[in-house]
1. Go through (1) in contact with a helix residue (DSSP H, G or I) (Cβ under 8 Å, 6 or more places away or on another chain); (2) open to solvent by 40 Å² or more (accessible area, probe 1.4 Å) for B:V44 and report which single condition fails.
2. Do you know which residues across segment B:378-430 are hydroxyl-bearing (S, T, Y) and either within 7 Å of another protein chain (Cβ to nearest Cβ) or under 27 Å from A:P55 (Cβ atoms) (or both)?
3. Hey, can you tell me all the residues within segment B:317-351 that are within 15 Å of B:K98 (Cβ to Cβ) and either in a loop (DSSP other than H, G, I, E, B) or open to solvent by 10 Å² or more (accessible area, probe 1.4 Å) (or both)?
4. On the given criteria, is B:D430 open to solvent by less than 40 Å² (accessible area, probe 1.4 Å), touching a residue at least 24 places away in the same chain (Cβ under 8 Å) and among the acidic types (D, E)?
5. For segment B:63-94: of the residues being open to solvent by 10 Å² or more (accessible area, probe 1.4 Å) and in contact (Cβ under 8 Å) with a residue 60 or more places away in the chain, which is nearest to the chain's Cα centre (by Cα)?
6. Is there any pair linking a residue in segment A:43-63 that is of a type in the set (D, E, K, R) to one that is surrounded by 12 or more Cβ atoms within 10 Å (Cβ to Cβ), with Cβ under 7 Å and at least six apart or on different chains, and which?
7. Would a scan of segment B:194-206 turn up a residue that is surrounded by fewer than 23 Cβ atoms within 10 Å (Cβ to Cβ) and farther than 24 Å from B:I91 by Cα?
8. When you check B:F142 against the structure, is it within 24 Å of B:A55 (Cα to Cα) and either free of Cβ contacts under 8 Å to residues at least 24 places away in the same chain or open to solvent by 10 Å² or more (accessible area, probe 1.4 Å) (or both), yes or no?
Amino acid sequence: MKMSDSISSDEVKHVANLARLRLTSEELEIFTEQLGAVLDHAKDVEALKLDDVEPMSHPLPIENTMREDIPSPMLKPSDFLSEAPVVEGGRFLVPKILGEES
Amino acid sequence: MSGMVPEQYQSASEIAELVATGEVSAIEILERYLNQIQEYEKDVHAFNLVTINEARAVAQETDKLIARGVTIGPLAGVPVAIKDNLCTKGITTTASSKILESWKPPYDATVVKKLKEAGATIVGKTNLDEFAMGSSTENSAFGPTRNPHDISCVPGGSSGGSAAAVAAGFVPIAIGSDTGGSIRQPAALCGVVGVKPTYGGVSRYGLLAFASSLDQVGPFATSVKDAAIVHEVIGGYDPLDSTSIKQAPESFLDMFDKGINELKVGVISELMGGIDGVTHEVIEQTNKAVSALSNAGAIVEEVSLPAALYCLSAYYLIAPAEASSNLSRYDGVRYGLRVEGANLNEMNVNTRTEGFGDEVKRRIMLGTYALSAGYYDAYYGKALKVRRLLAENFADLYKDYDVLLSPTSPCTAFKLGAKVNDPMMMYVNDVCTIPSNLVGHPAISIPFGSGKDGMPIGVQILAPPMKEPVMYQVAHALEKASQ
């Protein structure tokens, strides 16, 4: 597969970081190549002149869907907590957040 | 039943009738299918989990109710397999991902609930490409599924386990999900019927989300009639799915046997050689289907769907974009795998890096990129405009035509390993099926002959939204012509 200029390995590293994924240097190389091939293919779409076309994000013209405010049977918090990796005092437990670099 | 692909399949409607009238017990039916699973599952690997004990208990309960004179639904005693990205209460639901390896949902997906209410016996969870991302079922964290027609070949994907289970006679009915062809393409490659319903026609509640504006749940069956029956069971408005259509659908079976005289069928020229990649033998076989419909009285003409040329590119921007957002929920906090780290961010990274397979990582990164500042307009924004063009193209064609027709898959089943290292080559498998997902229209794949390699070929019938009755009508005519 030829190297693409659609995306650089630094850009792949950046999106991996945004997506909370860590790549080995080998993976970085392979993914850069593969993502480049897909983005190369997408150049046909990128090249289209579509200024007057309205984007369509969804097949159905739905806006906010609200139900009537009527109480109905719900699952209990314990139903969900029992499947969580770490729980304490009826809550999901996570590692410390404060003190993290942002 | 004998052989990995039974010579004849028993229909779900026949089973339901035999069971409901007490002629055959639900447990007898179940044991017959379990025997076939016992015999061939080790070669096919259609299932992530066979729930033998639960299934036996359900079948026995069905028999008890029938003995007491209770009326059971239209799927009385029919064994059904469920794709492993649909929630089953208390039964492991993995999406074939390490990140959910031992997760047990606290509720049933609406389709699962409806199947149970209709009297079905759920026998297990079928294998898929991880989070339904793939076209060969090779991206499963638990090993690939194989095509029962030739176990050196893939069954297609992502619902390859469901397609293979039906083809191998493990179940008469299976449920899948279709985001870019994940029901229709494996149905074609395994020689069974597969349906992607109108978007909003079948509830997505309890379906693990991949690309929410494209995902739709639908049936696999061995006949068009069985598929229509199951579609009616699982379909309809669901207040738990905010994209569910309130309008009640017309009966899928009323027009079923009316023939297709004077119906207008458009053959999509872009998918019959206009786009590279559709093989000659698939086009040839599809042309035979065209002749068959014409002989049955339909008016068949070649038509153009110009935006089809850009669908593959648009899809592989939109679907990953939505996936990158949907899969952010797998963060090691609320369910599934957690790999500890010094702080929250490190725990998130460790969990996702270890829990996701390569294809899922690829799509998450692709989607994150397509949505990122500076690229949003060029990629995601443009893809959404192609989607609009496509919808307009379809609307124009449906002014003159009742249904459209194309191949389902550009090729017959390929060998395991043949495409798995070249994502772009794999993505081309979806070229014929993607358009229906982008616009939310229904489509069905029907087996129609085979290629030189003896592997099945499928033909696709596309219809306007909520026009499943005419889709099934034409599909049934094509099915009759193929026999």
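The values are calculated or read from the model by the stated rules, or taken from the named source; none is laboratory data. Being a predicted model, the structure only gives us computed values, none of them experimental. Positions of Cβ are backbone-derived with ideal geometry, glycine not excepted, and every protein chain shown enters the neighbour counts. Side chains are part of the model used for accessible areas, which takes the heavy atoms of the whole protein and leaves out ligands, DNA and RNA. Shrake-Rupley method; radii C 1.70, N 1.55, O 1.52, S 1.80 Å.
1. (2)
2. From segment B:378-430, those hydroxyl-bearing (S, T, Y) are B:379-380, B:398, B:401, B:406, B:408-409, B:412, B:427; that's our starting set.
Correct list: B:Y379, B:Y380, B:Y398, B:Y401, B:S406, B:Y427.
3. Kept after step one, since they are within 15 Å of B:K98 (Cβ to Cβ), are these residues of segment B:317-351: B:327, B:330-332, B:335-339, B:350-351.
Result: B:Y330, B:D331, B:G332, B:Y335, B:G336, B:L337, B:R338, B:V339, B:N350.
4. Values: open to solvent by less than 40 Å² (accessible area, probe 1.4 Å): yes; touching a residue at least 24 places away in the same chain (Cβ under 8 Å): yes; among the acidic types (D, E): yes.
Judged against the criteria, B:D430 is a match.
5. B:P74
6. That search, which allows pairs on different chains as well, returns A:D44/B:Y310; A:D44/B:S313; A:E46/B:A378; A:E46/B:Y379; A:E46/B:K382; A:E54/B:R388.
7. Residues of segment B:194-206 surrounded by fewer than 23 Cβ atoms within 10 Å (Cβ to Cβ): B:205.
Then keep just the ones that are farther than 24 Å from B:I91 by Cα; that gives none.
No: zero hits.
8. Working: within 24 Å of B:A55 (Cα to Cα): yes; either free of Cβ contacts under 8 Å to residues at least 24 places away in the same chain or open to solvent by 10 Å² or more (accessible area, probe 1.4 Å) (or both): yes.
Against the criterion (within 24 Å of B:A55 (Cα to Cα) and either free of Cβ contacts under 8 Å to residues at least 24 places away in the same chain or open to solvent by 10 Å² or more (accessible area, probe 1.4 Å) (or both)), B:F142 qualifies.
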